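Peer 1: Sharing a structure with you now.
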Amino acid sequence: MSFNAWMLTIILFWPLLASLVILLLPSEQEQQIKNFAIWSSLLPLLLTSYLLWDYGINHLLAAGFAYSVNILWIPQINVHFHIGVDGLGLVMVFLTTLLTTLSLWYSKGVIHKRVKEYFFLFLFMEMGMLGVFLSLDLVLFYLFWEVGLVPMYLLIGIWGGKNRLYASIKFFLYTLTGSVAMLLAFIALYLKSGTFDIVELSKLHPFQGDIVLGSIVFFGIFLGFTIKLPAWPFHTWLPDAHTEAPTAGSVMLAGVMLKLGAFGYLRILLPILPQAFIKWSMLVVALGVISIVYGAFVCIAQDDLKRLIAYSSVSHMGYVLLGIGAAVASMRPGAIVANANSAAIALNGAALQMFNHGIITGGLFFLVGIIYERAHTRDLGVFGGLSGKTPYYYGLFLVTALASLGLPGLAGFWAEFFVFRGAFDIVRIWAIVGVLGVILTAAYILWRIVQSVFLGQFDEERWGNKLTDVEPYEKVTMWPLVIIMVIVGLYPTIVVNFLNQTSINILSKLP
Amino acid sequence: MITLDKLYLLSPEFILLIAAFLVLGIDIFGKRRWQKALPYWTIAGLLLSMVASFWLMGHKETVTDTMAADSFAYYFQLIGEMVVVLVTLALVDYLPGRTHQQGEFYALLLFAAIAIMVAVSATDLIMVYLGMEFLSITSYVLVGFLRNDKRANEAAIKYFLYGAVASAVMLYGMSLLYGLTGTTNLAAIAQKLTAGNLVSGYQWLLFPALLFLTVGFGYKSSLVPFHQWAPDVYDGAPTPVSAFLATASKGVGFALLIRVFVTALPAVKIDWVALLYALSVLTMTVGNFVALRQTSVKRMLAYSSVAQAGYIVIGLVAFNGKVPFTAFNGVSGVLFYLLAYAFTNAGAFIVVGAIEEHTGSTQMDDYNGLVKRSPFLAGVFLILLLSLAGVPATGGFMGKFMVFGAALAEQFYILALIAIINSVVAVGYYFKVIKAMFFVPGEGPAIAVAKPTRYALVITLAMTLLLGIFPSWFLHIATTSGLAMVGL
């Protein structure tokens, strides 16, 4: 086996190793712990970058998974330690490692309480999330899915805001409810087919032809992923969790954890249960569109900046759902699709939106954290006129916010464009309703945020010199994200190249 | 026919018997220096006996037709011995200052271990009864051993009264079974029942017999509605003894439930499956919902262990009897679950005991900010609670996975659904403790944990994680042990 084959294993378990080392360090040496965590998080990021390069050269058009490792783990029930990536998985791994490093870097400046536990949990959580993106076995997938949950629960509960106790347990219970339903469905898949292997199951399509049982299993898994995503009406844990979590926690929640749900759709639900998915594809489309519009409306009504951005995630993840749903809906019997590529385009849009949303909303949460550290409030009503006081901050915020609303030339635009371009051909009415969301997004970004925070009158009396401009370490946190937003905005192919083959693979293997 | 050449198959029991008398002897006649080492003599005996039990695994014989020497028995013996080792380690720091009769305590513990070993090997109703009574009587004494502790006394008398009634009912059930079949041997009973060779006109007594037997076994494994003693006894008993009762002693209930029902009563499988189905639903639901309301961690763990019993029964309900076993067969699930649960729950009680040792309290509020006062205890308890809640990478998850999988495999969809909903409800109370330990600030001096207790906790922690991450070897042992019992 070549050296590259072990790369994913190293990427996956390095954070675990680092977190265990942190556990052994004395808790008084806070600086050492912080530095160690940041440095050690760089290795997975660098290795992932190398793999991106290597994948781009050698595997870009591969039909299967690259860098696979497959070791028998629990022979009694045929469970394997099977990991591997395709283009989508690799992009998600990159997103995870990048946001982890940036989060740790940012946390170095703002976390002063129980430092050792914090950095331990953060690295441990990284392993959980990476594991989900890498797993090619359902039991392994479930294991990492749950393992990542616990550190996040603790991060919210220990370092969160005022309402953290409620938010943390709500987050855990919601997600757990979804995941246990998913677990039963996984077992059902095994009992039907005798394997937990995702690659095998994607070929076997268990429950093909048995639409009743197939649908029950589908909804078990669907519940798990849709709560995590989250789509309306399962989204109510999200505003609480995102608002109460510490800044870096919100970044990881919005940036990576929500993607786990969307990723599950593409890795498990669609390839393994296509028939049931096609049957219920309009439901997925509807939930996507409702999430887009509902989320955007709720955003407009928010007074808390962080809560607003949290709800914007509901809206933006709705695009992902719409893209996936539309792609599947194109295969309904009797569906009339003018352009044969529409499904792949919608799917590409959904996948690209996963990456973009991670980068953009991650950035937004950092920016909210930056102002909260100074003002100790996020009430939209008390700010105003910050554009003159903190021009650098204004600049960073404006770019990120405009990317979020889908301004052409920045990353967000392309994903929305692809999704609607694909969906318009397949589910026209829904796509038209969905476009409404884009307009509403412009409303809450420009009117609620930019106008009330950055324009208008600055309250000199209240703020004095408290609202200083961004510090160097905050610039370092934000710049990589801004650069990616611009690059992907100008040249989306750089990401879409990785995603396109995955979309084609998924669609071509459906029966 | 008595054949003495097979007695070596009982060597684990004999080793412990010698160890028990040795401990008693040292306590009375030994030098002071030796007396101090009593717990270590106890542990040495247990370890030796464990080696013997492990060595003898794979045998498939009976001794004098009343004791089975099969992997199934040895498997449960190993669980029992292991738990007693952990309990003994926890007692080293717990007993001094509470009682002067330490030697007797350790000796009693060893006798209780022997009782477990006899009970789980029994293949004859008389032997089953003797083993159960032997275990019960030693347990009553252990619970009430600290005679100046009013709550322990109350617990002991409650345990005794419930136990007396339950074993009387069970004995009545056995007598009915004997009356119907004319034998007390489990295999012979099975033969008679399958052949339909019963005293005519009284076949209907079979179901009452089954019901009464279930009362006895259900009492030991704290199935609702035979559980009422459990919360009070677990709460009132010395905490290490609670650990023993909630794991090893409960395991005996399950071992007998499995052995008697599967080997003696396959003819009425449909009856006991229905009965256990109902008991399982009741047990997990009542256990979980009552646990939600508790303010004492120890009492909460007591109800949680009632609820866990409900999950374990699912495995037996879903046992399909096919040989060789299918991947998700209920019995190896139950055996694995009990192993994982023994380590996890024993560890949890030991943590509670260690905290009680220093704060004198088991109230949830006194766990506030525990992570500051003892990061070790808080960290270990976190993992153990996650295991009890069934979060992956722990033994508790693998146990649930195997058992729920068995339920689905046998198409008990509703039961699996109820179990899954219950395990979400359970998170509500397990995480209350995590919340107190990690989220809520609290003041108090640092808690120092005695070395032996520390060792016990490290073992439980390591085993909980090992069973969750590398379960295959243990699953293999559980499966072969289950097979040995079915094949007998």
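Peer 1: Give me the Kirkwood hydrodynamic radius of the range A:384-445 in Å, from all C-alpha pairs, to one decimal place?
Peer 2: 12.9
Peer 1: Taking every eigenvalue of the Cα gyration tensor of the range A:194-290, multiplying by 5 and rooting it, what semi-axes result, largest first, whole Å?
Peer 2: 28, 16, 9
Peer 1: Tell me, which residues of the range B:398-421 get at least 40 Å² less accessible area when the other protein chains come in, versus the chain alone (1.4 Å probe)?
Peer 2: B:F401, B:L408, B:I420
Peer 1: Sticking with this one: Please give the Cα centre distance for the range A:79-118 versus the range B:137-192, rounded to the nearest Å.
Peer 2: Going from one Cα centre to the other spans 55 Å.
Peer 1: I'd like the distance between the alpha-carbon centres of the range A:386-407 and the range B:248-288, rounded to an integer number of Å.
Peer 2: Their Cα centres are 65 Å away from one another.
Peer 1: Right, here's the next one. Could you tell me whether the range B:344-480 comes out rounded, prolate or oblate from its Cα gyration tensor? Rule is a ≥ b ≥ c as square roots of the eigenvalues, rounded for a/c under 1.5, then prolate if a/b exceeds b/c, otherwise oblate.
Peer 2: Taking the square roots of the gyration eigenvalues as a ≥ b ≥ c, the range B:344-480 is oblate.
Peer 1: Over chain B, what percent of the accessible surface lies on carbon and sulfur atoms, probe 1.4 Å?
Peer 2: Summing carbon and sulfur atoms, their accessible area is 67 percent of the total for chain B.
Peer 1: If you don't mind, there's one more thing I want to ask. Considering only the other residues whose Cβ falls under 14 Å of the Cβ of A:S27, what net charge follows from Lys and Arg at +1 and Asp and Glu at -1?
Peer 2: The answer is +3.
Peer 1: Another question, then. Quick one, can you get me the convex hull of the C-alpha atoms of the range A:126-253 expressed as volume per residue in Å³?
Peer 2: Convex hull volume per residue, Cα atoms: 95 Å³.
Peer 1: Return the tail of the calculated pair distribution for the range A:292-511, meaning the percent of Cα-Cα pairs more than 23 Å apart.
Peer 2: Here the long-distance tail beyond 23 Å is 48 percent of all Cα pairs in the range A:292-511.
Peer 1: Something else: Under the √(5λ) rule applied to the eigenvalues of the Cα gyration tensor, what semi-axes describe the equivalent ellipsoid of the range A:466-511? Give them in Å, descending.
Peer 2: 38, 11, 7
Peer 1: Peptide A:151-161: average number of partner chain Cβ atoms within 10 Å per residue?
Peer 2: So the per-residue partner count for this stretch is 2.
Peer 1: Further question: Using a Förster radius of 30 Å, what is the FRET efficiency between A:E471 and A:W39 based on their Cβ-Cβ separation? Nearest 0.05, please.
Peer 2: The pair A:E471/A:W39 has a calculated efficiency of 0.90.
Peer 1: Rounded to two decimals, what ratio of Rg to Rh does the protein assembly as shown give with C-alpha atoms and a Kirkwood Rh?
Peer 2: A ratio of 1.02.
Peer 1: Oh, and also: Rolling a 1.4 Å sphere over the protein heavy atoms, what is the accessible area per residue of the range A:292-511, to the nearest Å²?
Peer 2: That works out to 37 Å² for each residue.
Peer 1: In whole Å, what is the distance between the alpha-carbon centres of the range B:210-227 and the range B:22-93?
Peer 2: 27
Peer 1: Let me ask another. Through the Karplus equation 6.51 cos²θ - 1.76 cosθ + 1.60, θ set to phi - 60°, convert the phi angles of the range B:454-465 into ³J(HN,Hα) values in whole Hz; use x for Gly and Pro.
Peer 2: Once rounded to whole Hz, the list reads 4, 4, 4, 5, 4, 4, 5, 4, 4, 5, 4, 6.
Peer 1: Starting from 0.36 nm per residue, how many nanometres of slack lie between A:I300 and A:L17 once their C-alpha separation is accounted for?
Peer 2: 97.5 nm
Peer 1: Report the accessible surface area buried between chains B and A, summing both sides, using a 1.4 Å probe on protein heavy atoms only, in Å² rounded to the nearest 100.
Peer 2: The B and A chains share an interface burying roughly 2900 Å².
Peer 1: Let me ask you something else. Quick one: length gained pulling A:L46 to A:A443 fully straight, 0.36 nm per residue minus the C-alpha distance?
Peer 2: 139.0 nm
Peer 1: Here's a follow-up. For the range B:4-487, just list the percent of Cα-Cα distances falling in each 10 Å bin from zero outward, please.
Peer 2: With 10 Å bins starting at 0, P(r) equals 4, 21, 33, 27, 11, 3, 0, 0.
Peer 1: Just the Cα atoms of chain A, one point each, no solvent: what log10 I(q)/I(0) does Debye give at q = 0.10 Å⁻¹?
Peer 2: Debye intensities relative to I(0), on a log10 scale: -0.72.
Peer 1: Considering all alpha-carbon pairs of the range A:356-419, what whole percent are spaced by more than 16 angstrom?
Peer 2: 51
Peer 1: Ignoring ligands, DNA and RNA, what percent of the 1.4 Å accessible area of the range A:137-244 is carbon and sulfur?
Peer 2: In the range A:137-244, the share of accessible area belonging to carbon and sulfur is 67 percent.
Peer 1: A further question on this structure: Can you give the calculated 222 nm mean residue ellipticity of chain A, where each DSSP H run of n ≥ 4 adds -39,500 (n - 2.57) and the sum is split over every residue, rounded to the nearest 500 deg cm²/dmol?
Peer 2: -23500 deg cm²/dmol
Peer 1: Same structure, new question: Over the range A:1-139, how many percent of alpha carbon pairs lie in each 10 Å bin up to the one with the longest distance?
Peer 2: 12, 39, 29, 16, 3, 0
Peer 1: A further question follows. Can you send over the solvent-accessible area of A:S387, 1.4 Å probe, protein chains only, in Å² to the nearest 10?
Peer 2: Counting only protein heavy atoms, A:S387 exposes about 40 Å² to solvent.
Peer 1: Please compute the per residue accessible area over chain B with all protein chains in place, 1.4 Å probe, rounded to a whole number of Å².
Peer 2: Accessible area per residue, chain B: 34 Å².
Peer 1: What is the spread of the Cα atoms of the range A:285-354 along each of their three principal axes, largest first, in whole Å?
Peer 2: Answer, in whole Å and largest first: 45, 21, 13 Å.
Peer 1: Additional query: Residue separation times 0.36 nm, minus the C-alpha to C-alpha distance between B:L47 and B:Q411: what's the value?
Peer 2: 126.9 nm
Peer 1: Averaged across the residues of A:176-185, what count of C-beta atoms belonging to other chains lies within 10 Å of each residue's C-beta?
Peer 2: Counting other chains' Cβ atoms within 10 Å and averaging over A:176-185 gives 5.
Peer 1: How far apart, in nanometres, would the label points at B:D5 and B:R98 be if each is projected 7 angstrom from Cα along the Cα-to-Cβ direction?
Peer 2: Placing both labels 7 Å along Cα→Cβ, they lie 4.8 nm apart.
Peer 1: Describe numerically, in nm with one decimal, the distance between label points set 7 Å from Cα along Cα→Cβ at A:S68 and at A:N497.
Peer 2: About 2.5 nm separates the two model spin labels.
Peer 1: Based on Cβ point charges of +1 for Lys and Arg and -1 for Asp and Glu, what charge dipole magnitude is obtained for the range A:292-511 about its Cα centre, in debye rounded to the nearest 20?
Peer 2: In total the dipole reaches around 560 debye.
Peer 1: Ranked highest first by the average count of other Cβ atoms within 10 Å around their residues, in what order do B:338-345, B:29-36, A:208-215 fall?
Peer 2: Top of the packing list down: B:338-345, A:208-215, B:29-36.
The values are calculated or read from the model by the stated rules, or taken from the named source; none is laboratory data. Note that the structure is a prediction, hence the values are computed from the model and not measured. All Cβ positions, glycine included, derive from the backbone under ideal geometry; neighbour counts span all protein chains shown. These area figures cover heavy atoms from the full protein model, side chains too; ligands, DNA and RNA do not enter into them. Shrake-Rupley method; radii C 1.70, N 1.55, O 1.52, S 1.80 Å.
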